[in-house]
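Comments concern the structure below.
The values are calculated or read from the model by the stated rules, or taken from the named source; none is laboratory data. Just so you know, these numbers come straight off a predicted model, no measurement behind them. As a convention, Cβ positions derive from the backbone with ideal geometry for all residues, glycine included, and neighbour counts pool all protein chains shown.
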Amino acid sequence: MRRLLEALFLPPSSALALLVLGTLLRWRRPKLGRTLQVFAVLWLWALSTPFVGGLLLGSLQSYPALPSEGVLPQADAIVVLSAEGDPVGAEYGGPIAGAMTMQRLRYGAALQRRTGLPLLVSGGVLGSGQPALATMMADAAQKEFAVPVRWREDKSADTHENALFSAAMLKQDGVRTVLLVTSAWHMPRSVACFQAQGLTVVAAPTGFRSPSTGATAWIPHWHGLRDSGLALHEWVGRLVYAVRG
């Protein structure tokens, strides 16, 4: 049900639903129907532009990047959150971590090499018969980035559970302060979830986005639609978490 509601709310389904509704209403309430049709087209056009997509993601990026050189804030461990996976991975012989997950893992590995801190990777199973994202991340960390993984949190299905299950594992080993690695636009919700579990969090964001500029920034492109979808998904997630407390 959650995935169905997400699909209906997020673009392009939300715009298409408005367009269909407006078309149906044209028979009984022509003015309202035309208004919905025009709004649907403008809504889809705006969300498809790189400028709007980057602007929406940028609005979520409230934590700055850590310094690329020099001393980092003190912590007891590094936590890397998963994003998505490639369930096919034919060229690798099976499912692998997706591009966004690898971006986070790459930065987590860089921090591990700089600090020597133990690493936790967090992410549950994508689908029936699939390995957990944490398993794929640990495999990539060790084989591709040559860094060890101490903990694998492989039960979580969302950010709240990332924090809940990871914190339980970390506290057993006396960890109280973590460098938290996730996408910059996902960081505020992630920090709140981990702090709610009693951990002290040092934000270590990666994958920053900013609005594109120039004339082409207003031309619809799949990059813009992707970024707008990510941002709206995150805003809805923050709203749901706020309501749930």
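Apart from one condition, L81 fits all of (1) surrounded by fewer than 20 Cβ atoms within 10 Å (Cβ to Cβ); (2) out of contact with any Phe, Trp or Tyr (no Cβ under 8 Å at 6 or more places or on another chain); (3) closer than 28 Å to D173 by Cβ; the exception is (1).
Please indicate, with yes or no, whether at least one residue in the range 173-191 is on the phi < 0 side of the Ramachandran plot, within 21 Å of the chain's Cα centre (by Cα) and of a type in the set (D, E). Talk me through it step by step, then tell me what you get.
Quick first cut of the range 173-191, residues on the phi < 0 side of the Ramachandran plot only: 173, 175-191.
Checking which are within 21 Å of the chain's Cα centre (by Cα) leaves us with 178-191.
From what's left, of a type in the set (D, E): none.
The answer is no, given that none of the residues of the range 173-191 is on the phi < 0 side of the Ramachandran plot, within 21 Å of the chain's Cα centre (by Cα) and of a type in the set (D, E).
Selection of the range 136-176 for residues being among the aliphatic types (A, V, I, L, M), more than 20 Å from P87 (Cβ to Cβ), touching a strand residue (DSSP E or B) at 6+ places or on another chain (Cβ under 8 Å) and assigned to a helix (DSSP H, G or I) yields M169, L170.
Determine which member of the set L232, L239 is surrounded by 16 or more Cβ atoms within 10 Å (Cβ to Cβ) and either assigned to a helix (DSSP H, G or I) or modelled with pLDDT under 90 (or both).
Values: L239 fails: surrounded by 16 or more Cβ atoms within 10 Å (Cβ to Cβ).
Of L232, L239, the one residue that is surrounded by 16 or more Cβ atoms within 10 Å (Cβ to Cβ) and either assigned to a helix (DSSP H, G or I) or modelled with pLDDT under 90 (or both) is L232.
Residues are listed down the side, and each one gets a yes or a no for (1) modelled with pLDDT of 95 or more; (2) outside any helix (DSSP H, G or I); (3) touching a Pro at 6+ places or on another chain (Cβ under 8 Å):
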site	(1), (2), (3)
G33	no, no, no
L44	no, no, yes
G54	no, no, yes
P67	yes, yes, no
V71	no, yes, no
Q74	yes, yes, no
V80	yes, yes, no
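Each residue in the range 195-207 was checked for being crowded, with 16+ Cβ neighbours inside 10 Å and either out of contact with any strand residue (DSSP E or B) (no Cβ under 8 Å at 6 or more places or on another chain) or not small (G, A, S) (or both), and 6 of them qualify.
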